[in-house]
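For reference, the structure is listed below as structure tokens.
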């Protein structure tokens, strides 16, 4: 079972993601801030992180940069309420980008795609 | 003594003096004037003088001496008058030339005048002249322009034309600049190409002459120890004049002149006249070159000023964009998140509630309404994005293929087939790629609401006048032109037609970029969208 970390400052969104992604068969852990996310990451291994770009007074992009630097083996999908961040060069560091929507199909597809890609990479490295 | 001459008569007839011709009738009545002007050369007078000598008249030898001295002085005076006439002509010519050279800042005009003056019969009368200019950046003396005939036949033709047209020097030069400058440059292209000498080659006769700042008359060029044989062969003359052009102690270039057709000897006088002429020419060439450089610099400064202004405008726009961005970001965050939560949970509940549940329909309505609201939010955000387009040159094929790729899943799921044949010869178009992609996607998405049986969309691109015309033809949608026009009005009620704000926003976005967007509905043949994409920057409004 893949373990996912969901970082979003909105409690209801964290709840929604947890419900929906658990239904998809993932083990989901949530965090409300960058600090909480880093603390959670230290507690164990994660297969993928889903980050909101705007975290109250913090920037999800900064957290992304930190994760890419320190946890480069863990893919990250950015979630945002606004599509303009797609054009932000820093956002290109992420493995995926999804605009927030009540229909989570796109997010679920993106998670599946990124995890499959990671598995393929690990398989190739093992060979 | 019988006298043959009329020297002792006050008044004579025209037939009495063989030296007086028609037009000189005033001499017939003026004995003194006639004696001074005509008797010294008159054979009848000389016969009378000889007869006096034969008669041992003591005045005869004295008269003979007087006459000889008178004739010598007369010749001297005539020679001086001729010299003065020539000098007057030369000064007049140099004055005329100086006026043109001083007033012109056009390099081609200066060079045309200079070379015409050297080669024209009314000027220095040389057969041919080459002008070489110093290229300081490349450190070379380089052939720039040649003037004159290449052979006897051409010489006869050109010189006859000049004699017949009887043009003054200024007109000749103007005529040359307007009609013959390019052809003359092409005519001597082979020689001019080879007339290139590195300025560092201090032993070369041309560089040596340039450094010496004095003209050199080369005679016996083919055997001359200082003349490279290839230079002598190239010019094909045994004698030529190398005239350095020096302005304010700076080396400007050189004129090489010769008489390749008439083979007339180049005299020291020719050389001195040309030397006098070379100073204003050098000065005029340098001034024209500096003016050219000044012009280039001015253009550069103007361009830099223009860019600076554009940058300033861009900064203002960026500030506006940042403001719009902040507002829209704030709206996005504060509206989208609640919408997402409502829609997300509604979907979650819908999944878990059986169709028989009485609340199932209510939840379905919530899902549908939130989806609709999310769509409206996307369109508003796209519209705010469109307020400040970022344009650049893009490949039309890439634009269409990207839009087709992005919409492929949706179009296929609705049973649509798309057709596009890329044309690799199309020029790049000046557009905001993101906005145009968005518009194309919107048009394609708009089409899938069609109800016809022929579910195909064909896209074609065609090169137009400074534009590329993109046509999207959808044969599945059958609506009237009035209904289609309604779709193109922002915020009109279009929900029942299934298109939302999309097409209206596309039209607004494109019009903001000065790109015409035409939608034509044919009741039974579907819809045709025509987008005219500019290929030039200035076409933008």
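Please treat every number below as a calculation from the coordinates, not as lab data. In this text the structure is predicted, and so the values were computed from the model without any measurement. Because the Cβ atoms are built from the backbone with ideal geometry, glycine has one as well, and the counts that use them run over all protein chains shown.
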Length-normalised contact order of chain B, Cα under 8 Å, at least 6 apart, in percent, tallies to 8 percent
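Pulled fully out, how much extra length does the chain show between residue A:69 and residue A:36, if you take 0.36 nm times their separation in residues and subtract their Cα-Cα distance? Intermediate results must be reported in sequence, preceding the final value.
Values: separation 33, 0.36 × 33 = 11.88 nm, distance 1.77 nm.
That pair, residue A:69 and residue A:36, stretches by 10.1 nm at full extension.
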For segment B:199-281, the convex hull over Cα atoms projects on average to an area in nm² of 5.5 nm²
Binned at 5 Å from zero, the C-alpha pair distances of segment B:4-93 give percents of 3, 12, 18, 18, 16, 14, 9, 5, 3, 1, 1, 0
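I'd like the Kirkwood hydrodynamic radius of chain B, using the inverse of the mean 1/r over distinct C-alpha pairs, in Å. Spell out each step's value before the answer.
On the way: mean 1/r = 0.0301 Å⁻¹.
Roughly 33.3 Å, rounded to one decimal.
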In nm, the gap between the two label points placed 7 Å beyond Cα toward Cβ at residue B:317 and residue B:356 is 6.3 nm
Gyration tensor (Cα only) of segment B:131-258 to equivalent ellipsoid, semi-axes in Å sorted down, yields 27, 18, 14
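Across every pair of different alpha-carbon atoms, what Kirkwood hydrodynamic radius in Å does segment B:225-367 reach? Mind showing how you got there, number by number?
Numbers: mean 1/r = 0.0412 Å⁻¹.
It works out to 24.3 Å.
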Here, residue B:25 and residue B:268, labelled 7 Å along Cα→Cβ, have an inter-label distance in nm of 5.0 nm
Expressed in angstrom and rounded, the centroid-to-centroid distance over alpha carbons for segment B:25-59 and segment A:1-68 is 135 Å
If one compares the long axis through the Cα atoms of helix B:433-447 with the longest principal axis of the Cα atoms of chain B, the angle in degrees, nearest 10, works out at 40 degrees
Here, residue A:62 and residue B:471, labelled 7 Å along Cα→Cβ, have an inter-label distance in nm of 5.6 nm
Note on chain A, DSSP bridge orientation, antiparallel percent to nearest 5 equals 10 percent
Per the 1/(1 + (r/R0)^6) rule, R0 = 30 Å and r from the Cβ atoms of residue B:217 and residue B:103, FRET efficiency to 0.05 is 0.45
Per its Cα gyration tensor (rounded if a/c is under 1.5, else prolate when a/b beats b/c, else oblate), chain A is best filed as rounded
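Tell me the mean residue ellipticity at 222 nm calculated for chain B from its helices only (DSSP H runs of n ≥ 4, each -39500 (n - 2.57), averaged over every residue, nearest 500). Let's see the in-between values first.
Working: 17 runs with 285 residues, N = 541.
Counting only the DSSP helices, I get -17500 deg cm²/dmol.
Of all DSSP beta bridges located in the protein assembly as shown, what percent are antiparallel, nearest 5? Don't skip to the answer; put the middle values down first.
On the way: 55 of 76 bridges.
Antiparallel bridges make up about 70 percent of those DSSP assigns within the protein assembly as shown.
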Nearest 10, in degrees from 0 to 90: the angle of helix B:107-119 to the longest Cα principal axis of chain B is 20 degrees
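Take the Cβ-Cβ distance between residue B:428 and residue B:137 as r, set R0 to 41 Å, and report the resulting FRET efficiency rounded to the nearest 0.05. Could the numbers behind the result be given before it?
On the way: r = 34 Å, r/R0 = 0.82.
Once the sixth-power term is evaluated, E becomes 0.75.
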Longest principal axis of chain B (C-alpha) makes with the long axis of helix B:360-386 (C-alpha) an angle, in degrees to the nearest 10, of 10 degrees
Distance in Å, no decimals, from the C-alpha centre of segment B:92-114 to the one of segment B:226-286 is 18 Å
The Cα radius of gyration of the protein assembly as shown, divided by 2.2 N^0.38 Å with N its residue count, comes to 1.84
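Counting only other chains, and only Cβ atoms inside 10 Å, what mean value do you get across the residues of A:4-10?
Working: counts 0, 0, 0, 0, 1, 1, 5.
If you average over the peptide's residues, the count of other-chain Cβ atoms is 1.
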The FRET efficiency for residue B:369 and residue B:293, from their Cβ-Cβ distance with R0 = 51 Å and rounded to 0.05, is 0.15
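Using helices alone, I'd like the mean residue ellipticity at 222 nm for chain A: each DSSP H run of four-plus residues gives -39500 (n - 2.57), total over residue count, nearest 500. Before the final figure, lay out the partial values.
Working: 4 runs with 56 residues, N = 127.
Calculated at 222 nm, the ellipticity per residue is -14000 deg cm²/dmol.
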